[in-house]
Amino acid sequence: HDLDLSHNQLSSIRNLDSLPSLSALDLRYNQLDGLETTAALPNLQSLKLSNNILRTLDVGAFPSLNLLYVDQNFLRSVSGLDKCQFLEV
């Protein structure tokens with residue numbers, strides 16, 4: 001299942017963990033300063049967060065991630081990459 005919320009001027013995203021079968025999430029071109037999940041999204045394979053205002057990011061809740069776009073942010077750190085064993089891009 002894919003969810004495209006790009007180009008919406010969103011400043012926050014909540015309750016993503018209520019979508020456990022989500023496999024692709026596109027949040028490019030928004031105003032997000034963080035991405036919070038209270039539970040893992042084990043099926044998420046593609047996460048696009050380019051062109052936001054993120055300063056930190058933890059991808060540890062996305063163990064199946066194989067594509068991650070985070071360019072054009074203000075990132076100081078990306079943590080949890082050690083849990084993303086399938087990350088290719």
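Taken over segment 36-51, residues that are within 11 Å of the chain's Cα centre (by Cα) and either open to solvent by less than 20 Å² (accessible area, probe 1.4 Å) or under 15 Å from ASN8 (Cα atoms) (or both) amount to 6.
For segment 52-84, the set of residues classified as of a type in the set (Gly, Ala, Ser) and surrounded by 14 or more Cβ atoms within 10 Å (Cβ to Cβ) consists of GLY60, ALA61, SER64, GLY80, listed by residue number. Of the residues making up segment 37-46, those that are touching a helix residue (DSSP H, G or I) at 6+ places or on another chain (Cβ under 8 Å) and either in contact (Cβ under 8 Å) with a residue 24 or more places away in the chain or among the aliphatic types (A, V, I, L, M) (or both) are THR37, ALA39, ALA40, LEU41. Evaluating ASP17 against the criteria (1) assigned to a loop (DSSP other than H, G, I, E, B); (2) open to solvent by less than 80 Å² (accessible area, probe 1.4 Å) leaves one unmet condition, (1). Filtering segment 52-65 down to residues that are not in a loop (DSSP other than H, G, I, E, B) and not β-branched (Val, Ile, Thr), which residue is farthest from SER12 (Cα to Cα)? Step by step, filter segment 52-65, then rank; the result is ASP58.
Within segment 22-35, restricting attention to residues that are open to solvent by 60 Å² or more (accessible area, probe 1.4 Å) and out of contact with any strand residue (DSSP E or B) (no Cβ under 9 Å at 6 or more places or on another chain), the residue that is farthest from SER6 (Cα to Cα) is ASP33.
Residues are listed down the side, and each one gets a yes or a no for (1) at pLDDT 95 or above; (2) among the hydrophobic types (A, V, I, L, M, F, W, C):
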residue	(1), (2)
ILE13	no, yes
PRO20	no, no
ASN30	yes, no
SER64	yes, no
PHE74	yes, yes
ASP82	no, no
PHE86	no, yes
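In summary, LEU10 fulfils each of the numbered conditions (1) open to solvent by 60 Å² or more (accessible area, probe 1.4 Å); (2) farther than 20 Å from LEU81 by Cβ with the single exception of condition (1).
The values are calculated or read from the model by the stated rules, or taken from the named source; none is laboratory data. Remember, it's a predicted structure, so these values are computed and weren't measured experimentally. With ideal geometry, Cβ positions are generated from the backbone for all residues, glycine too; neighbour counts draw on all protein chains shown. Surface areas here come from the heavy atoms of the whole protein model, side chains and all, with no ligands, DNA or RNA. Shrake-Rupley method; radii C 1.70, N 1.55, O 1.52, S 1.80 Å.
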